[in-house]
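Engineer: I have a structure I would like to understand better, so I am pasting it below and will then ask my questions one at a time.
The values are calculated or read from the model by the stated rules, or taken from the named source; none is laboratory data. A quick note: this is a predicted structure, and the numbers were derived from the prediction, not measured. FYI the Cβ positions are ideal-geometry reconstructions off the backbone, even for glycines, and counts take in every protein chain you see. What goes into the accessible areas is simple: the full protein's heavy atoms, side chains included, and nothing from ligands, DNA or RNA. Shrake-Rupley method; radii C 1.70, N 1.55, O 1.52, S 1.80 Å.
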Amino acid sequence: MLIEKVIGNIGDTEEVSGKRIEWVDLEWEELSKRILRTETNEGTDVALRIDQEEPLKYGDLLFEDDERCIVIRTKVEQVIVIRPKDMVEMGKAAFELGNRHTPALIEKDEIVVRADHTLAPLLDEVGVAYETTERRFKQPFKYRGHSH
């Protein structure tokens, strides 16, 4: 099945009334790709050739008929969640992550990064509280160009 455009977004909803959802599970890096060949969790072959500026997002609706929908979601992966208790912890965490050029999502009260075996000892060393868990990233990380 060739898909050339996103026709909507169901958001965080895991159900569409009266329809079966087939999920296209992508790594977060794949959300930024325009051309991709994969298959749904039910084995439907899907070829994406998307012509749009913005990256794919969790919940993007790729196909819909009377019986089913094909929707994007991200794979569950190991993450480190940092919840700074004060500005000192926030500064330490931000400095260490930035110094390593670690992509991070900063949300309301937490910093989320992909799990990396070298991050836990570093965060322990600087005294920043964190937990390791599993999550689905809802959006791709944004890389900002720079030079040294």
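Engineer: At 222 nm, what helix-only mean residue ellipticity would the chain give, in deg cm²/dmol to the nearest 500, using -39500 (n - 2.57) for each DSSP H run of four or more?
Structural biologist: Here the helix-only value at 222 nm equals -4000 deg cm²/dmol.
Engineer: Among the lysines, select those whose C-alpha is under 18 Å from the C-alpha of Lys57, and discard any that sit fewer than 8 residues away in the same chain.
Structural biologist: Lys5, Lys33, Lys75, Lys138, Lys142
Engineer: Going by alpha carbons, how many degrees (0 to 90, nearest 10) lie between the helix axis of 87-99 and the longest principal axis of the chain?
Structural biologist: So the helix axis and the longest Cα principal axis differ by about 70 degrees.
Engineer: Over region 59-131, what relative contact order in percent results from Cα pairs under 8 Å that are six or more residues apart?
Structural biologist: 33 percent
Engineer: Another question, if that's okay. Taking N as the number of residues in region 1-86, what is its Cα Rg relative to 2.2 N^0.38 Å?
Structural biologist: Taking N as the residue count of region 1-86, the ratio is 1.19.
Engineer: Restricting to the chain, what percent of DSSP beta bridges are antiparallel, rounded to 5?
Structural biologist: 75 percent
Engineer: Starting at the first residue of region 65-78, write each ³J(HN,Hα) from the Karplus equation 6.51 cos²θ - 1.76 cosθ + 1.60 with θ = phi - 60°, in whole Hz, x for Gly and Pro.
Structural biologist: Per-residue couplings from phi come out as 9, 5, 10, 8, 10, 10, 9, 7, 9, 9, 6, 6, 9, 5 Hz.
Engineer: Here's something else I'd like to know. How big is the shadow of the Cα convex hull of the chain, averaged over all directions, in nm²?
Structural biologist: Averaged projected area of the chain's Cα convex hull equals 10.7 nm².
Engineer: Follow-up question, since we're still on this one. Can you tell me which lysines have their Cα less than 20 Å from the Cα of Lys85? Leave out same-chain residues fewer than eight positions away.
Structural biologist: List returned: Lys108.
Engineer: Oh, and also: When only C-alpha pairs under 8 Å and at least 6 residues apart count, what is the relative contact order of the chain, in percent?
Structural biologist: Value for the chain: 26 percent.
Engineer: Show me 103-110, 123-130, 12-19 ranked by packing, highest mean number of other Cβ atoms within 10 Å first.
Structural biologist: Top of the packing list down: 123-130, 103-110, 12-19.
Engineer: Non-local amide H neighbours of Lys75 (under 5 Å, H modeled in plane, Pro and chain starts lacking H): which ones?
Structural biologist: So Lys75 has HN proximity to Leu26, Glu27, Trp28.
Engineer: About its Cα centre, how strong a charge dipole does region 1-96 have in debye, to the nearest 20, once Lys and Arg get +1 and Asp and Glu get -1 at the Cβ?
Structural biologist: 280 debye
Engineer: Let me ask something else about it. Rounded to the nearest whole Å², what accessible area per residue is found for region 1-133 with the 1.4 Å probe?
Structural biologist: Dividing the accessible area of region 1-133 by its residue count gives 57 Å².
Engineer: Another question, then. Using a 1.4 angstrom probe on the protein heavy atoms only, could you order Arg100, Arg135, Arg49 from most to least accessible area?
Structural biologist: Heavy-atom accessible area, descending, gives Arg49, Arg100, Arg135.
Engineer: Right, something else. Kindly state, to the nearest 0.05, the FRET efficiency for Asp116 paired with Asp86, given R0 = 22 Å and r defined as their beta-carbon distance.
Structural biologist: Taking R0 as 22 Å, the efficiency between Asp116 and Asp86 is 0.35.
Engineer: Okay, moving on. Per residue of region 43-58, in order, report the coupling 6.51 cos²θ - 1.76 cosθ + 1.60 (Karplus, θ = phi - 60°) as ³J(HN,Hα) in whole Hz, putting x for Gly and Pro.
Structural biologist: Result, ordered by residue: x, 6, 6, 10, 10, 9, 9, 8, 10, 8, 5, 6, x, 5, 10, 4 Hz.
Engineer: Taking 0.36 nm per residue of separation and subtracting the Cα-Cα distance, what length does fully extending Lys108 through Lys19 add?
Structural biologist: Between Lys108 and Lys19, full extension yields 28.7 nm more.
Engineer: Within the chain, what whole-number % of the accessible surface is contributed by carbon and sulfur, with the 1.4 Å probe and all protein chains included in the calculation?
Structural biologist: 48 percent
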